[in-house]
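A.B. asks: One structure follows; several queries about it will come next.
Nothing in this text is a laboratory measurement; each read-out follows from the coordinates by a stated rule. The model shown is predicted, which means the values in this text are computed figures rather than measured ones. Reconstructed Cβ throughout: ideal geometry from the backbone, glycine too, with neighbour counts over all protein chains shown.
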Amino acid sequence: MDTEDIKKNESVAEPQAAPEAVAEERRSFRGREGRGDRRFGRERREPREKEFFEKTLKINRCSKTVKGGRRQSFSAIVIAGDQKGKVGYGFGKANDVSEAVKKATEKSKEKMVTVNIKNGTIPHEIIGQYKSATVVLKPAAPGTGVIAGNSVRAVCEACGITDVLSKSLGSKNAINNVKATFDGLEKLMSAAEIAKVRGKSVKEIWG
């Protein structure tokens, strides 16, 4: 090849881009990668916060003997609440754990009760009973926390009670203790009702 042809090829070759320009182009390309799916409706979305506080209290496995052998099933107890005074419980049973929890969660949201709460605690002492289970609930000063067992604690956390003293007597069955706790919470009186019974004003009682 002649010297003149070599000089012509060198002049025709495209000049290489500077390293700074290449780096800038790569950064801009990375920025466009996550936006490509928006045209097709697949935009990235942040996970939404749950509307209700949900807690699976207990999962129990049941076994039934049939002609072909043993058949397994599961039962679940779920407590749900908005942590602002509303709480409910549900009991579900199915052949699968996830299905049992789903049924219990749906039932817990169907029938919710409103609890009278004042400054994070209950307005007065109350005793709840269900069959052989008895639950004693007492108001507590701010900062005390929830002094309770697993069943009562789950109900208090779901409805928004932050300070309370409790004692479970009798049966240790989880569902019975939950129902006894609900029996006590449903019987709570509001501050206005307590003031009316005592013949005082709400300000004199609560300060």
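A.B. asks: Multiplying the sequence separation of Val97 and Lys64 by 0.36 nm and subtracting their Cα-Cα distance, what value in nm do you get?
C.D. replies: This chain segment gains 10.3 nm when fully extended.
A.B. asks: What number, in percent, do you get for the relative contact order of the range 76-195 if the mean sequence gap of Cα pairs under 8 Å and at least 6 apart is divided by its residue count?
C.D. replies: Once normalised by length, the contact order is 27 percent.
A.B. asks: Once phi is turned into ³J(HN,Hα) by the Karplus curve 6.51 cos²θ - 1.76 cosθ + 1.60 with θ = phi - 60°, what whole-Hz value does each residue of the range 75-86 show in order, with x for glycine and proline?
C.D. replies: Couplings: 10, 9, 10, 10, 10, 9, x, 9, 6, 10, x, 10 Hz.
A.B. asks: In whole angstrom, how far apart do the alpha carbon centroids of the range 156-207 and the range 78-139 sit?
C.D. replies: Result: 13 Å between the Cα centres.
A.B. asks: Working out 0.36 nm times the residue gap between Lys118 and Gln72, then minus their Cα-Cα distance, what length gain in nm do you get to one decimal?
C.D. replies: 12.1 nm
A.B. asks: For the range 99-142, what does the alpha-carbon gyration tensor say about shape, rounded, prolate or oblate, given a ≥ b ≥ c as the root eigenvalues, a/c under 1.5 as rounded, and a/b over b/c as prolate?
C.D. replies: oblate
A.B. asks: Still on this structure: Tell me which lysines have Cα within less than 26 Å of Lys102's Cα, excluding those fewer than 8 residues away on the same chain?
C.D. replies: Counting by Cα, and skipping residues close in sequence, Lys102 has these lysines nearby: Lys50, Lys55, Lys58, Lys64, Lys84, Lys86, Lys93, Lys111, Lys172, Lys179.
A.B. asks: May I ask you to list the residues of the range 112-128 whose amide nitrogen lies under 12 Å from a point 7 Å from Cα along the Cα→beta-carbon direction of Arg198?
C.D. replies: Flagged as within label range: 123-125.
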